[in-house]
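A.B. asks: Below: one structure in structure tokens.
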Amino acid sequence: MELDLEIKQDTLLVRPKGELDLVVADEFRTILENALDNRPINFLVLNLSQVSFIDSSCLGVILGRYKRLAQVNGRVSLVSAQPQVRRVLEMSGFFRIMREYSGEEEALNYIFGYRGGYDGNYQSNEA
């Protein structure tokens, strides 16, 4: 698994690549938790366009971050899931509690909409 992280204001964008399975679940959880611990994050956007497989262990990782963010009135958004991954998410009920978007820009427009819109120029909070 490769993982790209980007922070835009209080939003963590995560772009995993490869398979999200038991082999990488602990690393996936640790990386996300560290990112959430080190910044005031209210929104998590998972871009799943490069994920070819997901199993219950990584579904649990995502659900755990959902529960954590829900405690601060935050959200998890799912973006561009491949058909085989989308089917697993749908069957697991994720779309009942998380919004699905066709792309990152659409997700960011929704998240930042109440702040006057997203123009693609928000600065990252990364040091």
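What follows is calculated from the coordinates using simple rules that are stated; it is not laboratory data. Predicted, not measured: the structure shown is a model, and the values here were computed from it.
A.B. asks: Through the Karplus equation 6.51 cos²θ - 1.76 cosθ + 1.60, θ set to phi - 60°, convert the phi angles of segment 93-103 into ³J(HN,Hα) values in whole Hz; use x for Gly and Pro.
C.D. replies: Once θ is set to phi - 60°, the couplings for segment 93-103 become x, 5, 6, 7, 10, 10, 7, 10, 10, 7, x Hz.
A.B. asks: Let me ask you something else. Considering only DSSP beta bridges with both partners in segment 1-64, what is the antiparallel share in %, to the nearest 5?
C.D. replies: 45 percent
A.B. asks: Here's another thing I want to ask about it. What is the Rg over Rh value, at two decimals, for segment 8-108, using alpha-carbon atoms and the Kirkwood definition of Rh?
C.D. replies: When Rh is taken as the Kirkwood radius, the ratio is 0.92.
A.B. asks: For the chain, give the share of DSSP beta bridges that are antiparallel, in percent and rounded to the nearest 5; count only bridges with both residues there.
C.D. replies: 35 percent
A.B. asks: Shifting gears a bit: Under 5 Å between amide hydrogens, which residues at least 5 positions from I54 or on another chain qualify, with H placed 1.01 Å from N in the peptide plane?
C.D. replies: Residues meeting the criterion, in which the H sits 1.01 Å from N, are L20.
A.B. asks: Would you mind checking which residues have amide H under 5 Å from V45's amide H? H placed 1.01 Å from N; only 5 or more apart, or other chain.
C.D. replies: Excluding prolines and chain starts, which carry no amide H, the hits are L12, L13, V14, S77.
A.B. asks: To continue, here is another question. Given the DSSP H assignment, sum -39500 (n - 2.57) over each helix run of at least 4 residues in the chain and divide by its residue total; what's the result at 222 nm in deg cm²/dmol, nearest 500?
C.D. replies: For the chain, the value works out to -13000 deg cm²/dmol.
A.B. asks: Oh, and also: Averaging sequence separations of C-alpha pairs under 8 Å and six or more residues apart, then dividing by the length of the chain, give the relative contact order as a whole percent.
C.D. replies: 26 percent
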